[in-house]
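Novice: Here you go, one structure.
The values are calculated or read from the model by the stated rules, or taken from the named source; none is laboratory data. Since the structure is predicted, the reported quantities are computational estimates derived from the model, not experimental observations. Don't worry about glycine lacking a Cβ; one is built from the backbone with ideal geometry, like all the others, and counts go over all protein chains shown. Quick note on the areas: whole protein, heavy atoms, side chains included, nothing else; ligands and nucleic acids left out. Shrake-Rupley method; radii C 1.70, N 1.55, O 1.52, S 1.80 Å.
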Amino acid sequence: MGEQTQYHTKHYDEILSYLKTIPGKHVTVQDVCNHFKGENAIGQTTVYRQMERLVSEGKVQKYILDGTCACFEYVGSHNEEHDENCFHCKCITCGKLIHLECEEIRHLQDHILCEHNFTLDTSRTVFYGLCENCRK
């Protein structure tokens, strides 16, 4: 038998449906598990497996934070609209994660490549500081 056929399980469908309700929001595996507490509980291992599958299918983007913590963002069935060169800002006080869509940062990325021969891993590029609310 050749290539393994991918099929949709109940948990896959439930997780995908949940993620579709929060496009653009970053969630951790624990956030997904917390959403499915109670009668519809889904185990952490199952959530990890399904999130990785969704990443491999291009429906979810994975970001690595703090060197170890991963968060995920639903980007849709067709990733053409999603900018893979995405940067993030993370508040060191409240933990809020902000998508950074900024042409100036792209110029910095190009500069680092051209002048320093170094490519940034945008799935791991996070700027740390204080969000607007925490600065007040």
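Novice: Suppose we keep just the alpha-carbon trace of the chain; what are its Rg and Dmax in angstrom?
Specialist: Over the chain's Cα set, Rg and Dmax evaluate to 17.0, 61 Å.
Novice: For the chain, take the longest principal axis of its alpha carbons; what is the angle in degrees between that and the long axis of helix 103-116, to the nearest 10 within 0 to 90?
Specialist: 70 degrees
Novice: Tell me what the chain gives for mean residue ellipticity at 222 nm when only DSSP H runs of n ≥ 4 count, each as -39,500 (n - 2.57), the sum divided by the residue total, rounded to 500 deg cm²/dmol.
Specialist: -10500 deg cm²/dmol
Novice: Between their Cα atoms, which of Lys25/Lys96; Lys10/Lys62; Lys37/Lys59; Lys37/Lys62 are more than 19 Å away from each other?
Specialist: Lys10/Lys62; Lys37/Lys59; Lys37/Lys62
Novice: With a 1.4 Å probe and all protein chains kept in place, how do Arg49, Arg135 rank by accessible area, largest first?
Specialist: Of Arg49, Arg135, the descending order of accessible area is Arg135, Arg49.
Novice: To the nearest 10 degrees, how steeply does helix 44-56 sit against the main Cα axis of the chain, on a 0 to 90 scale?
Specialist: 60 degrees
Novice: Shifting gears a bit: How many nm is it between the label spots at Val55 and Gln30, if each spot is 7 Å from the Cα in line with the beta carbon?
Specialist: 1.8 nm
Novice: First measure r as the distance between the Cβ atoms of Lys96 and Lys62, then evaluate 1/(1 + (r/R0)^6) with R0 = 25 Å and state the FRET efficiency to the nearest 0.05.
Specialist: E(calc), rounded to 0.05, equals 0.85.
Novice: Could you work out how far helix 10-20 tilts from the main Cα principal axis of the chain, as a 0 to 90 degree angle to the nearest 10?
Specialist: So the inclination is approximately 30 degrees.
Novice: Take each of the peptides 31-41, 11-21, average the number of other beta-carbon atoms within 10 Å over its residues, and list them starting from the highest.
Specialist: Put in order of decreasing packing, that is 11-21, 31-41.
Novice: By the gyration tensor of its Cα atoms, with a ≥ b ≥ c the square roots of the eigenvalues, what is the shape of the range 16-64: rounded for a/c under 1.5, prolate for a/b over b/c, or oblate?
Specialist: Because a/c hits 1.5 or more and a/b exceeds b/c, the range 16-64 counts as prolate.
Novice: Using a 1.4 angstrom probe with every protein chain in place, what is the largest-first accessible-area order of Cys69, Cys114?
Specialist: So, going from the largest accessible area down, we get Cys114, Cys69.
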